[in-house]
Amino acid sequence: PVLVVDFGAQYAQLIARRVREAKVYSEVIPHTATVDEIAARKPLAVVLSGGPSSVYADDAPQLDKALFDLGIPVFGICYGFQAMAQALGGTVAHTGTREYGRTQLTVTGGTLHDGLPETQPVWMSHGDAVTDAPAGFEVTGSSDGAPVAAFECRDRKLAGVQYHPEVLHSPHGQEVLTRFLRDIAGLEPTWTASNIADQLVEQVRTQVGDGRAICGLSGGVDSAVAAALVQRAIGDQLTCVFVDHGLLRAGEREQVEKDFVAATGARLVTVDAKATFLGELDGVSDPETKRKIIGREFIRSFEGAVSDVLGENAAQGGTVEFLVQGTLYPDVVESGGGTGTANIKSHHNVGGLPEDLQFKLVEPLRLLFKDEVRAVGRELGLPEEIVARQPFPGPGLAIRIVGSVTEDRLATLRQADAIAREELTIAGLDNQIWQCPVVLLADVRSVGVQGDGRTYGHPIVLRPVSSEDAMTADWTRLPYDVLERISTRITNEVADVNRVVLDVTSKPPGTIEWE
Ligand code: XMP
């Protein structure tokens, strides 16, 4: 792999993603990794990430010069650029002047910027500056605050930039990173969806052998792609379990039962638990109580199905050893690094399995980013409706009904949600929206007029948000004509709804969901 050494910047994961967008596999490692540990990974190249603003800072992480004796191509970014300059005998001046945000880079030569605009905007975030490049390096760019803003030494396959090529505010950044990988490091662009899928299928085969596996499908992207990969690897040794709790959106069960099965040929068990869930939720309007009931019943249903599958296998003289989970790389990195040594939390997407069942986890997506998961899903032939699906909460429509949950209310919300989703898709807005919860204010009524008569119906709330990771979000400025179409259709087509309102709250202070 290309190893991205994380000097503590929030950018390390993004750098790894950008390297992979250049079709070269990369992983993040902590800066505490020793040169021996790095060498043992046999990296094709090393990228040093940004980090604290100064190499002179008290607790600035150190860079071991021995890294440069390995003959491995190295690219330094921001702090990594300065640390590299210092380690190789250049000068980093403790200027104290800061350059932050959009800055003009003046290109003075070199491979990385060859043919790109002579002055170009780049995203900077630094205090100190490199004033002398190490011996043998060509200075290839400068800015007002950084006399040496980029350098390279092609002979030794070393280069670096003071700015952040990985952020979109550096419009040529991806090209510069790609050129480092291709033209300086000499790497082949082999990290493609079809290669990834092939490799993962092979790995699952090796791990599972002729064992049996079980996978809980949530209807979401990750579990669907994980299941599809494992299905391709081991066929009918995999059983998928899908709990229909009656709180799904229009078409979701069909998506799993028809489209997913048609695309993958997976063996699927659906648990029809609608009556149980609605019974338990009867009369409950407190959000936390709803969530607890749903969590508990979900585990019960899943356990029941697993016991059935286990029972069937036991009857045939076999056991189920493996549980498939759709854990992704960001979760792995955030819980202690991707190198497999640190404490990696296992995600209990399906939660609370009987404790005496010791499943081994199969996590085929644990080294992938979300966009790669989607690409692999497409490669495996999953339909776009599944692969491009927006996030949807486990407790489903129950937490989008403000008030108690009834079958009628679910039907009303389901219909309004389907209209909103359809119109957003037709308008081509799916890519701009992280997700758009549609909420029924079941305990609120307002007066309206329709035809000749007075109505006294419920409001529907549209909550379109834009976000990178759901931790923070902004409300999406949807075009008025799209809002108008959604509003008109919902009030005309959905009985009991006479008003559509738009939620214009960011997160924080509002959460994305209403409950
Ligand atoms: P909030 O409402 O906390 O939501 O801003 C953040 C993201 O998480 C989703 N969400 C859930 N997903 N189980 C899930 O699998 C849940 O209980 C749950 N609650 C919220 C929400 O849709 C948004 O994407």
* **Above-threshold pairs, the threshold being 32 Å between Cα atoms, out of K258/K507; K258/K290; K290/K370; K42/K507** => K258/K507; K42/K507
* Asked: Full extension from V284 to L429: what is 0.36 nm times the residue separation minus their Cα-Cα distance, to one decimal in nm?
  -> 48.7 nm
* Structure fact -> Net charge near R179 (other residues with Cβ under 15 Å of its Cβ; Lys, Arg +1; Asp, Glu -1) is -3
* Asked: Under 5 Å between amide H atoms, partner at least 5 residues away or on a different chain: which partners does G110 have, H built in plane at 1.01 Å?
  -> none
* Asked: What is the set of long-range amide H partners of V269 at a cut-off below 5 Å, with H atoms built 1.01 Å from backbone N?
  -> C240, V241, F242
* To do: Quick one: check the C-alpha center-to-center distance for the range 391-432 versus the range 443-500, whole angstrom.
  => 11
* Structure fact -> Under the 7 Å Cα-to-Cβ spin-label approximation, E321 and T95 lie apart by a distance in nanometres of 6.0
* **Axial C-alpha extent at least 18 Å, average Kyte-Doolittle at least 1.0 - helices from the chain (DSSP)** => 221-234
* Asked: In a shell of Cβ-Cβ distance under 14 Å around V241, excluding V241 itself, what net charge do Lys and Arg (+1) and Asp and Glu (-1) give?
  -> -2
* To do: Could you tell me which of rounded, prolate or oblate describes the range 2-184, using a ≥ b ≥ c as the square roots of the eigenvalues of the alpha-carbon gyration tensor, with rounded for a/c under 1.5 and, failing that, prolate when a/b is larger than b/c and oblate otherwise?
  => rounded
* Which cross-chain or sequence-distant (5 or more) residues have an amide H under 5 Å from the amide H of V405, H modelled 1.01 Å from N in plane? -> G283, V284
* Asked: For the residues T131, T206, what sequence is obtained by ranking on other C-beta atoms within 10 Å, fewest first?
  -> T206, T131
* Structure fact -> For the chain, the dipole about the Cα centre with charges only on Cβ (Lys and Arg +1, Asp and Glu -1), to the nearest 20 debye, works out at 260
* To do: Can you put Y56, Y11, Y456 in order of Cβ neighbours within 10 angstrom, beginning with the fewest?
  => Y456, Y56, Y11
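Values quoted throughout were computed directly from the atomic coordinates according to the rules given, and no laboratory measurement underlies them. These numbers were taken from a predicted model, which means no experiment stands behind them. We place every Cβ from the backbone using ideal geometry, glycine too, and count neighbours over all the protein chains shown.
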